[in-house]
Structures are given as structure tokens and as C-alpha cells.
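Take a look at the structure set out below.
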Amino acid sequence: MDTPGKEEELRISHSGLVARSPEGHAARGMQIKGHEDVWVEIQAHTFRNWVNEQLRPAGLVVQNLETDFADGVKLIALVEALQKKRMKKIPRPMNHHQYLENVQFALNAIEADGIKLVNIGNEDIVNGNLKLILGLIWSLILRYQIGRTKFPPKKLMLAWLQAVLPDCKVTNFTTDWNSGQTLSALLDYCKPGLFPHWRQLDPRDGVENCRRAMELAKREFKIPMVLEPEYLASPYLDELSGMTYISYFLKENSPGYYATLNWAQKQIPNVLLRNFTTDWNDGLGLCSLVRSLGGPIPGYDKLNRDPQNWESNLEKAFAGGEKLGVQPLLKAKEMADPGLTHLGPMAYVARYLWVPARKCPGERLHVTCDVRHIKVNHPVTFKMDFLSPDLDPKEISVEILGPRRKPVDYKLEFSSTGGRGTFIPTQMGMHEIVVKNEGELASGCPINVRVTPDAPEFRGGGIAPCAVGSIVEVLINSNGARGGEIEVLATSPSGKEISCPVHEEKDGGGKGDYMATFQLHEDQGRDRGKGVHMATFQPQEAGEWNISITYEGEHIESSPFSCFVYDPNAVKVLDLEGGGVPGREMSFRVDSRDAGWGETRIDIVHNGRSIPFLESTLEGGDPKLSRVTFVPEQPGKYRVYVYFNGIELKASPFSLRIGDMSKEEKRRSHHRRAADKKITHGSTPPPTTGEEVKTWRQTELESPKPAIHDFHSSSYLSELSWKEDDKRLVSNAYESSASSFSHTKLLGMDEVDAGIHRSPLGSVSSGEDLTLVPVNKVANLLLLASPHLDQVAAKVVGKSPSL
């Protein structure tokens, strides 16, 4: 590399070589205390060598920075090399005016590329103002060598060096490099094993250490020696010269750049990393890196590349990094900018180099629950095991979600090795246990617990209801009667009589299903004892049984006693064959007429969650015959759990497969929506409040002879819901098939709640006069009026409807 001539050495003897552009402000803070001639010589030498490295492909050389840019030819060549494009110029300027024109072409191109130039013009360069020329070159180095950034480049460069060379404790670009040890350590980072003994270098042999390292850098990485080893080892090395040379190790596509990028790629092999710019904008790569080192990333599995979520993703990554002790260098908004240059992200990622890897938060806590199904109102306990000694219980959050995704109360207790949680479900249906550590889902979660119903309360007299096949024990407190004088006879619903053996309980009687007591009169003269007797029978038939208890042929008080026997497996679930498609109403029937006394409870489950449905009685109003209607939202396997008096049917759960719409079904659905849109926005205005409507969606509602209507078999009402607080039944109306109606009532509501097991809604009988009257501007919600809902309709509509 050429060395400056004596003339240049003598002329560059002033200090304050500070660029007057904003990009050159890094030079303003430099304090020059003596030996300024050496300092100036080093900077001019370094900048000239940098310029010549850019001009080398064009075969041009600058000997003197003051004079060689005067005609603008080499300055234009420099700008073309940096911007990689040809520009307008005068190839052979002949006079001062053409010099000025050429230089102005170059300055215009520089400004057009985003570099602001202040108080520098073509005259300054043509006249050889070295101070401003050096400032201009520093601006070019910042923009094209180090990289344009909103942050001070010195700060970002030092941040990267401090991260990759923690043992060197780099704080500047001058004296920290004089011994050659720091440069040697940097070579070993860029290529591990290249300079493994850098710690053993003698810091007093700085020039030789620097020479060896710089020559090795040139041979291994093609890094030019824009700075002489003597200058790098000089205590008068100026900061800008040091930054210029070191920037070759961390500029884009440099050895340090790829050393850091390859390390990050190794940590997250499933994420493709090609750069330190666009591949980090969406935050997914950074979230993956943080999580691979054990940092918390809440909702990691749900992150996506939508640009609207980039800042949110990055904020999660920064927060997780802070948990690992890594402070962010940029804001999320800045790192999400597609125009971001590499230096900031590279410096920040390098801070993770020496973070000791640990398990991610979710893997440091394991949750188990031995109970997967339990009766309602019984406690459920789950266990939390700490898999890491540094786990902080304060970072653990717990949420128990009931069938309607509403929180359920719970209690927690912790020890040094784990914890335990307890909750009592008060509703049947699927409950979900969600435990997080530092916002991340714990291993083993979520846990689904199926809560089954209890038997309904029996308020009648006699023996409590029981299931077919169960053994019923009747305790008889004889108050002194001898056992041979007591007879028990069970009569089935079909009239079959079964004699039940009676024996005396020696221990005074246990706990039976029923206790019958009678008192002997004293004048009967019987031998009185303490006798408690027991009779048992095993019913094999559903229905009402009569249990007669006689003493000496006469019924005791209240005899015969009733015992309702039920058979859960006599419940029939019909119409589940064939499956369905998402978004389309489905229904099936439940027939419990042969099951005896009791009630049926249903739970429809998909992906571990109970989904809403409507259960209603069919024609005739028999509560034992009902239809269950629901709208599956997603494809997949649905399970229908059926219980009778708290006992699950043997065939339960019933499987139901919901698949995607076929192409033909999608086409028809599209045409229906298009037709509805055309009707809605057609010439016929929508009904106004209080106006009686005779037609709905171009269908006559008036019918001369309305038929008995089962609203579940019609597509006129969909997604029916039962509002428990005020007994309102509402629905979205779609599909017009209302010819079986005389009229109906239109009702608007602000909220639609979904799902209940049973509604009192009956069928619409022939001859009923129902009226469709909009009560507000929400015209897509319907109230199907019936004799069971007349007062509700009257309250909402404001007048007594004709029902």
C-alpha cells in the first residue's frame, strides 16, 4: 500500500478534521492532545487506502486526497463503485467550470442516496479543502462500509465486539488495539482455531503482534491492510482509522458477520437464516433463538408472520431475552423495519453468544392430573413438579376453564420442589387446566378433565330410584317383631311379583337403601326385641316398582312403597350416521321413553372442549323424546357423551365425523349467499320497527292451512340459543323455508348466548296465528313464539300476541 509523501505529511498538520455532515458526528467527540500531526497522518493514510480499495477494480489510484478529486473524475468513479451504478460525468474535464460540474454530479448522487451534506460544496473539493474532503470520505465509509443506521455506529460496533470478545473488554477503537491481542482474538472468533494462543501474546510487542494478525487477516479473509501495523500499534491511533479497519470484520458478508450468523443458525436449525436484516423483521427467528436458550416466549406455538404481528413478536423476544440477562439494543418498531441495516440486529444477536443454555420455561415445570373424569361437585387435584431448582413460583400462572370457557376458582399451595392445585367443578362438561411458567405453557398442559353429571334429585316418597340390575336393600326396624312374621314382596311394572327374603341384622342394622319402621301395640303381647331386618331385591325391569311390607298379612304404615327403576342403556341415540360439514346445522334425536324415571344429559366434545347445542322436545311435547341441534365450526372427530341419571351409556361416547364441504356444496353455499345479498340490497326496503311483515326473503308467510311445524327440521332457524336469564330463544335467520308458518315474531337482541341442555319450547300447532313484527333495526334474529313463550313475546313486542 502506498505511503503518504513528505509534502502531504507536512501539509496535513491541523486538527479538527471533523465532517460537517450528520453522518460524520462520530468524529466530533475526539479529543486531540498533542501529537496531532501523527494522528492526522494516520487518518489521511487510512482514508486514502480505503478509497484506493474501492477504486482498485476500475484501475484507478489516488495519491493525494487534496488534489486527486479536484476534476471530479476519481470522485465520480468512487461513487459509482460504492453505489454500483453508472452516473453522468464529463470523462475529460478541461477547465475549472467542468471540474465544478463533475464534482457536483458526484455530490448529487451522494445526497440522492440518503447522505446529508452540510456546508460542503463543489468549490470546497475543487479547491482542495482537506478537512471537508476527509469528512466526506468518512460519511462514505459510514454509509457504504459500516452501514447506515439511526444509532451511533461506534456504539453498535462496540456492542458487537464486546459480545463476541467478552474477555478483551473492548471500550474503544484506539488503545485497546495497540497490543495486537484484541485483533488476534477477533481472528480466532471469526475462524475458531485460527489464533488459539492469542492470550499468550506479549502486549509489549504490539507492532509485531499487529503485523502478524493483519497479515493473517489478509491471507485468510482478504481483509486489506488499509492501516499499517505501526499505526494500529501506535498510541496516537485515531478513532476513525481504527473503526475503518475493524469494520472490515463486521460489515455485511464479512467473516465476523458469518461467524455470528452461523452460530445463530446452529441454535435454531429449523429456521432458515440468510442475513441480519429481513430474516429478523418478523420476530420469529429471534423468538426461536430466545426460546432455544431457555427464554420464555408466551404463545410461541401461535406466532405467525403477519406483518401486523411483527412488533408484537419482537416485543415477546426482547422480554424473553431480558429474562436471560440480554438487554435490547433496538426497539421492536425499529427492528421490524424492512429497511433496517445489519449492524443493530447482528450486535444484539451476538449478546446471546455466551448465555448458558437452559430448558425453556415450559419444560422446567411439569403438570399431571390423575383424574380425567369425575362427578360434578367433587374436587379435582393436579400436581406441579419443578424440574429446575431456579424455578420461581411467582412466575407460575394457573387458569381453569369450564365448559363455556369461563374461569373456575381454584386453590394453590407450593413447596420447594413443586405445588398442588385443587378446584371443584360445578358444571358438567369439559374442564381445561392451563398452567404456565413465565407465560409459557407448562409441559403436560393443557389437561382436559371430563366432568359428568350427578343423578337428579329425587323429591318423591318411598325408595330412592335405582338402576336396572342394582341390588336394593330395604332395612325394616321391627321394634320387637320376630323376623318370620315380616314379609316383603316386590311387584314389577309388568305385574310380576318377587318374594324378597328377610333376615335379621345381628349388629343392629347397617346402611340400606331404605328404612321402613313400624310399631307394635303393647296389648299384642309379643316378645319385644331390638330386631332390625333386611330384605333385598334386584330389579331387572325399568319402571315403577311397588314394594309391599306386611306384618302378619297386614301392610305396615305407608306400604306399599314405590321404587322407580331406570335403565340407562335403554336410551336410544338416533340419526348420528352420515357425518356433516363445518358451519352447517346438524341434529340427532335422543329417545329415553323406555329408560324409566330420570333425565338425560348430553355433552358434545371436540378437541377437548364442550361445544354449545340446543336440546328441545319433539311433537307432542314428550320430554323423553328430544332433538339435539348444534353447528360444528371445525372439521374433525366429535364425541357425543350421553348420561342418564348421572350414568354414562355403555355405547357412549358416540363418534361423529365432521368433514370439509365438497366443491359442489361450497359452490351452492356461494350462490345462496349471493342470492341473499341480492335480496337484501334489492329494491324492497327492509322492514321497519313495528311494521307487520307478511313475507320474509320473498317467501309468503301467510298459509291457508299451516301444518304442524317442527322448527328443527327446517333450515329457517339456525344456531338456536337459550338465554337462561330472561327465557328468550333467539336465532340467526338464514335459508327461507317458512311456508309452514302463518306468521312469526321478529326480535332483535344485542347478545346471543349459546347452548343449554333443554328448552321449554314446544311445536307450533296447526291454526296458531303468529305475527312477524320487527321490534328494532336488527332484522336477523328471530323469536319463535309459542304457548310457552307468550308472556316473553308480549314483554318484548309491547302488546299481547295472538297465540
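Applying the criterion of at least 1 residues that are aromatic (Phe, Trp, Tyr), buried (at least 19 other Cβ atoms within 10 Å of the Cβ) and within 38 Å of the chain's Cα centre (by Cα) to the helices (runs of 4 or more DSSP H) found wholly in segment 215-311 leaves 255-267.
Right, Asp188: out of contact with any Pro (no Cβ under 8 Å at 6 or more places or on another chain), acidic (Asp, Glu) and not in a loop (DSSP other than H, G, I, E, B) or not? It would help to see each step written out before you state the result.
Values: out of contact with any Pro (no Cβ under 8 Å at 6 or more places or on another chain): no; acidic (Asp, Glu): yes; not in a loop (DSSP other than H, G, I, E, B): yes.
For Asp188, the condition - out of contact with any Pro (no Cβ under 8 Å at 6 or more places or on another chain), acidic (Asp, Glu) and not in a loop (DSSP other than H, G, I, E, B) - is not met.
Condition test on Phe630, is it buried (at least 16 other Cβ atoms within 10 Å of the Cβ) and closer than 27 Å to Ile463 by Cα? I'd like the intermediate steps shown before the answer.
Working: buried (at least 16 other Cβ atoms within 10 Å of the Cβ): yes; closer than 27 Å to Ile463 by Cα: no.
Against the criterion (buried (at least 16 other Cβ atoms within 10 Å of the Cβ) and closer than 27 Å to Ile463 by Cα), Phe630 does not qualify.
Scanning segment 281-312 for residues that are among the basic types (Lys, Arg) and touching a residue at least 40 places away in the same chain (Cβ under 8 Å) yields a single hit, Arg291. Scanning segment 556-603 for residues that are among the hydroxyl-bearing types (Ser, Thr, Tyr), at pLDDT 90 or above and either in contact with a Gly (Cβ under 8 Å, 6 or more places away or on another chain) or closer than 18 Å to Ile658 by Cβ (or both) yields Tyr566, Ser587, Ser592. Residues in segment 204-213 that are under 7 Å from Gly180 (Cα atoms) and either part of a loop (DSSP other than H, G, I, E, B) or touching a Pro at 6+ places or on another chain (Cβ under 7 Å) (or both): Cys210 alone.
State all residues of segment 610-638 that are part of a helix (DSSP H, G or I) and charged (D, E, K, R); if no residue qualifies, say none. If the condition is that a residue be part of a helix (DSSP H, G or I) and charged (D, E, K, R), then Glu619 is the only one that fits.
Residues of segment 612-645 that are over 17 Å from Pro453 (Cβ atoms) and aliphatic (A, V, I, L, M): Leu614, Leu618, Leu625, Val631. You will find that of Ala535, Ala542, the residue that is modelled with pLDDT of 90 or more and crowded, with 16+ Cβ neighbours inside 10 Å is Ala542 and no other. On inspection, Glu101 does not qualify as over 53 Å from the mean Cα position of the chain (by Cα), in the same structural domain as Asn119 (by TED's automatic domain parsing), at pLDDT below 85 and not aliphatic (A, V, I, L, M).
Condition first: of a type in the set (A, V, I, L, M, F, W, C) and touching a Cys at 6+ places or on another chain (Cβ under 8 Å). Now tell me which residues in segment 243-272 satisfy that. Quick ask: steps written out before the conclusion?
Of segment 243-272, the ones of a type in the set (A, V, I, L, M, F, W, C) are 243, 246, 249-250, 259, 261, 263-264, 268, 271-272.
Hits for segment 243-272 are Phe249, Ala259.
Gly344 fulfils the conditions (1) in contact with a strand residue (DSSP E or B) (Cβ under 8 Å, 6 or more places away or on another chain); (2) outside any loop (DSSP other than H, G, I, E, B) except for a single criterion, (1).
Of all residues in segment 204-253, count the ones that are of a type in the set (Gly, Ala, Ser) and either farther than 27 Å from Ser139 by Cβ or free of Cβ contacts under 8 Å to residues at least 40 places away in the same chain (or both).
4
Residues that are in contact with a Leu (Cβ under 9 Å, 6 or more places away or on another chain) and assigned to a loop (DSSP other than H, G, I, E, B) were ranked within segment 544-576; the one that is nearest to Leu625 (Cα to Cα) is Val571.
Would you mind listing the strands (runs of 3 or more DSSP E) fully within segment 360-453 where at least 1 residues are surrounded by fewer than 21 Cβ atoms within 10 Å (Cβ to Cβ), polar (S, T, N, Q) and outside the structural domain of Tyr643 (by TED's automatic domain parsing)?
Numbers: elements: 365-368, 373-375, 380-386, 396-401, 411-414, 418-423, 429-437, 447-452.
Counting at least 1 such residues, we get 365-368, 380-386, 396-401, 418-423, 447-452.
If I ask for residues that are polar (S, T, N, Q) and within 29 Å of Ala570 (Cβ to Cβ), which ones from segment 438-476 would you list? Thr452, Ser470, listed by residue number.
Looking at segment 204-213, can you tell me whether even one residue there is surrounded by fewer than 22 Cβ atoms within 10 Å (Cβ to Cβ) and touching an Asp or Glu at 6+ places or on another chain (Cβ under 7 Å)?
Yes, there is a match, as at least one residue in segment 204-213 is surrounded by fewer than 22 Cβ atoms within 10 Å (Cβ to Cβ) and touching an Asp or Glu at 6+ places or on another chain (Cβ under 7 Å).
Table: residues versus (1) modelled with pLDDT under 90; (2) over 41 Å from the mean Cα position of the chain (by Cα).
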| residue | (1), (2) |
| --- | --- |
| Ala112 | no, yes |
| Leu117 | yes, yes |
| Ile120 | yes, yes |
| Ile125 | no, yes |
| Leu130 | yes, yes |
| Leu136 | no, yes |
| Ser139 | no, yes |
| Tyr144 | no, no |
| Thr149 | yes, no |
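The values are calculated or read from the model by the stated rules, or taken from the named source; none is laboratory data. Keep in mind that this is a model prediction, so the values were computed, not measured. Note: ideal-geometry Cβ built from the backbone for every residue, glycine included; neighbour counts use all protein chains shown.
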